Amino acid sequence: MMKNLINIIDEKSLGTYKENVSFKTLTTYKTGGNARLVVYPNDVDSLREIVKYLKDNNIDFKVFGNGSNILASSRDYEGVIIKLSNLKSLKQEGEYVEVEAGYNFALLANTISREGYSGLEFACGIPATVGGAVYMNAGAYLSDVSKVLEKVDILDENLEFRTLGNKDLDFSYRHSIFMEKNWIVLKAYFKLEKGEKDKIVALIEDRKNRRFSSQPLEYPSAGSVFRNPEGNYAGKLIEDSNLKGFVHGGGQISDKHANFIINKNNATSEDIKYLMDLAKEEVEKNFGVKLRVEQELFNWEK
Ligand SMILES: Cc1cc2nc3c(=O)[nH]c(=O)nc-3n(C[C@H](O)[C@H](O)[C@H](O)COP(=O)(O)OP(=O)(O)OC[C@H]3O[C@@H](n4cnc5c(N)ncnc54)[C@H](O)[C@@H]3O)c2cc1C
């Protein structure tokens, strides 16, 4: 079946592919087993054709952005990972920005903000793709994607191309409708505002410095592990449970920021998962607070 797919991709020039790719290269945790096949469609029509083949043949698949919110297990994945790296066109007319899902979200935010447009300053340190950022409603500093997104082009579960407005996307804190539907984000349309360039640049530089001093960005991670519970901070609860700096295998609950788990020394995905579970258990035992993981566990045994 996979060989057939590869033949079709070659014959019809639908894109490129790689076989047996380590999740270490597909996720920012840099851990995990191998994906049997990773496919990079050339354009949206090629994507549609590939997805049709996968659905018609009951082959499991998953779209990956930059893998900056995913912990893939050490098991090999027999399905297909779809990467939209070739969907990266960008069109800007003043405060209107049209950008495809594979575009680097932090690069977009930095470029546009430094031109004096306001609205994406929050995203300058988020190592996502545009598609992954829409899916997660990524955000920071009391802002998020939903505040600046006008509409999106998608491929739906019936292989139809559709355009949906912001109000159709059920956005809330780190949530969008994409978490419930098997839809693929193809393109995002943002509306920004003209701002004062010097002020915007000063703000993003200040935030960058603060991120570097408060987050363990020198190690692989996937950002904050847990959502902040109402009126509290996950990092503080973990720290107050005496787990800041706790090591298991090659993983560590960061000694710089307790809501980050880092791959310190060739960690396995299971080392990271152990630390997640430990933090959750200890915080519940000590404070009666149930922490919720913000990251996605992919290809773990049920
Ligand atoms: C150092 C660091 C700092 C971070 N800081 C922040 C922060 O400040 N705020 C924040 O919100 N997050 C933060 N994150 C987490 C992460 O960057 C976000 O969750 C981001 O939105 C994930 O985007 P991605 O492209 O990497 O998606 P991935 O991790 O690859 O995928 C996440 C989910 O999105 C789905 N997906 C990806 N692309 C598409 C698509 N085109 N169509 C449909 N579904 C798709 C995937 O299937 C998966 O379910 C941080 C991560 C790191 C490593």
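Read-outs: derived from the displayed coordinates by stated rules, not from any lab. None of the values given here were measured: they were computed from a predicted structure. Note: ideal-geometry Cβ built from the backbone for every residue, glycine included; neighbour counts use all protein chains shown.
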- Which whole-number percentage describes the relative contact order of the chain, with Cα contacts under 8 Å and a sequence gap of 6 or more? 16
- Which order do SER13, SER68, SER89 fall in if you start with the one that has the fewest other Cβ atoms within 10 Å? SER13, SER89, SER68
- In terms of the charge dipole of the stretch 90-200, which places +1 on Lys and Arg and -1 on Asp and Glu at the beta carbon, the residue among LEU155, TYR117, GLY102 farthest towards the positive end is TYR117
- Query: Please identify the GluC sites (Glu not before Pro) of the stretch 237-302 that satisfy two criteria: DSSP loop assignment and at most 15 other Cβ atoms within 10 Å. Which are they?
  - Reply: GLU301
- What is the stretch 2-83's relative contact order, in percent, from Cα pairs under 8 angstrom and six or more apart in sequence? 35
- Task: Let me know the charge dipole size of the chain about its Cα centre in debye, to the nearest 20, where only the beta-carbon of Lys, Arg (+1) and Asp, Glu (-1) is charged.
- Result: 420
- Item | Over the stretch 79-189: Rg over Rh, Cα atoms, Kirkwood Rh | 0.94
- Lysine pair count for the stretch 163-233 [Cα-Cα under 18 Å; pairs on different chains or 8 or more apart]: 5
- With +1 at each Lys and Arg Cβ and -1 at each Asp and Glu Cβ, the charge dipole magnitude of the stretch 165-302 around its Cα centre, to the nearest 20 debye, comes out at 460
- Query: Dipole of the chain (Lys/Arg Cβ +1, Asp/Glu Cβ -1, origin at the Cα centre): which of ASN266, PHE171, ALA222 lies farthest to the positive side?
  - Reply: ASN266
- Task: Report, in debye and to the nearest 20, how large the dipole of the stretch 175-245 comes out about its Cα centre when Lys and Arg carry +1 and Asp and Glu carry -1 on their Cβ.
- Result: 280
- Query: Just for the Cα atoms in the chain, what are the lengths along the principal axes, largest first, rounded to whole Å?
  - Reply: 57, 49, 30
- Message: Across the stretch 157-211, what fraction of all alpha-carbon pairs, as a whole percent, falls in each successive 10 Å bin from zero upward?
- Response: 16, 34, 25, 20, 5
- Along the dipole axis of the stretch 2-83 (charges at Cβ: +1 for Lys and Arg, -1 for Asp and Glu; origin at the Cα centre), the most positive-end residue among ILE81, LEU14, ASN42 is ILE81
- the stretch 102-141 and the stretch 211-236 have their Cα centres apart by a whole-number Å value of 18
